[in-house]
Amino acid sequence: MTSLNRDKRSDGKSLLPHYKHSGPFSRLDIVLLVLLLLAASGAAAYVYADRPAGERAEIYIEGELVGSYPLDEERTIAYDCGITVHILSGAVAVAESDCPDQLCVHMGYISKAGERIICAPNKFVVVIRGKTEYDAVTGRSQT
Ligand SMILES: [Zn+2]
């Protein structure tokens with residue numbers, strides 16, 4: 001799946017220089033089309049990919065990385081924002097949260113690379129990273 005995505009991306013880019021644009025709107029159309037194709041392939045990959053098991057959980061608060069933990073060691077981490085994260089046998093969950101909707105808690109445990117739990121009220125995100133350093137959601141390689 002990873003190599004398939006990379007092929008699609010390079011094909012899309014190689015098409016652009018050959019495109020003869022007659023006006024700004026046509027060019028914009030092509031750009032939008034390419035973006036839509038990329039989004040569609042990304043969405044398909046997100047839904048259908050048999051994603052590898054995750055290696056570690058990264059915790060972001062207000063967009064800042066505040067922690068990265070291996071998934072194979074059980075631990076409970078409480079954050080000041082009112083969220084408690086629980087890591088257990090290859091999976092991670094938001095065990096407790098003080099947010100009104102409790103959507104993050106209801107997500108339960110996630111274990112696959114690329115999966116994430118988002119708590120919008122607390123600006124809190126848990127992302128699972130895997131061995132394949134490729135993010136199907138953004139289409140960018142991870143370091
Ligand atoms: Zn929440």
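Every read-out reported here was derived from the displayed coordinates using simple, explicitly stated rules and does not represent laboratory data. All figures in this text were calculated on a predicted structure; none of them were measured in a lab. FYI the Cβ positions are ideal-geometry reconstructions off the backbone, even for glycines, and counts take in every protein chain you see.
Quick notes on this one:
- Taken along the Cα-to-beta-carbon direction at a fixed 7 Å, the label points for Glu96 and Thr76 span 0.7 nm.
- Across region 54-130 the C-alpha pair distances fall into 10 Å bins from zero in the proportions 22, 61, 17, 0 percent.
- Less than 5 angstrom separates the built amide H of Ala95 from those of Thr84, Val85, His86, all sequence-distant by 5 or more or on a different chain.
- Net charge contributed by nearby residues that have their C-beta within less than 14 Å of Val105 (K/R +1, D/E -1): -3
- Relative to the Cα centre, the charge distribution of region 54-130, modelled as +1 at Lys and Arg Cβ and -1 at Asp and Glu Cβ, gives a dipole magnitude of about 220 debye.
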